[in-house]
């Protein structure tokens, strides 16, 4: 019925019997509501997916920055340790 309702024009609806007219109008309304609901659901789903992806990218960037800081810290500690070992070795 929904497929039929989508194809019927308003002047055709006015010529239908009352029961058929009501059924056609209700089918058109339900089809429109369903299409709107699906579009809203899809938009919400896509927005949630995009927000999740952006959050993951941000988390990975933060992890990368933390690993860079850890590398700098460890490099500094290693260099200081090597200098200290060299001083002890020379003495």
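Structural remarks
- Residue pairs whose Cβ atoms lie under 6 Å apart, separated by 6 or more positions or on different chains, with the first residue in region 1-26 and surrounded by 14 or more Cβ atoms within 10 Å (Cβ to Cβ) and the second modelled with pLDDT under 65, are 21/13; 24/5; 24/8; 24/13.
- Region 70-91: number of residues that are part of a helix (DSSP H, G or I) and exposed (fewer than 10 other Cβ atoms within 10 Å of the Cβ): 4
The values are calculated or read from the model by the stated rules, or taken from the named source; none is laboratory data. Source: prediction; values computed, not measured. We place every Cβ from the backbone using ideal geometry, glycine too, and count neighbours over all the protein chains shown.
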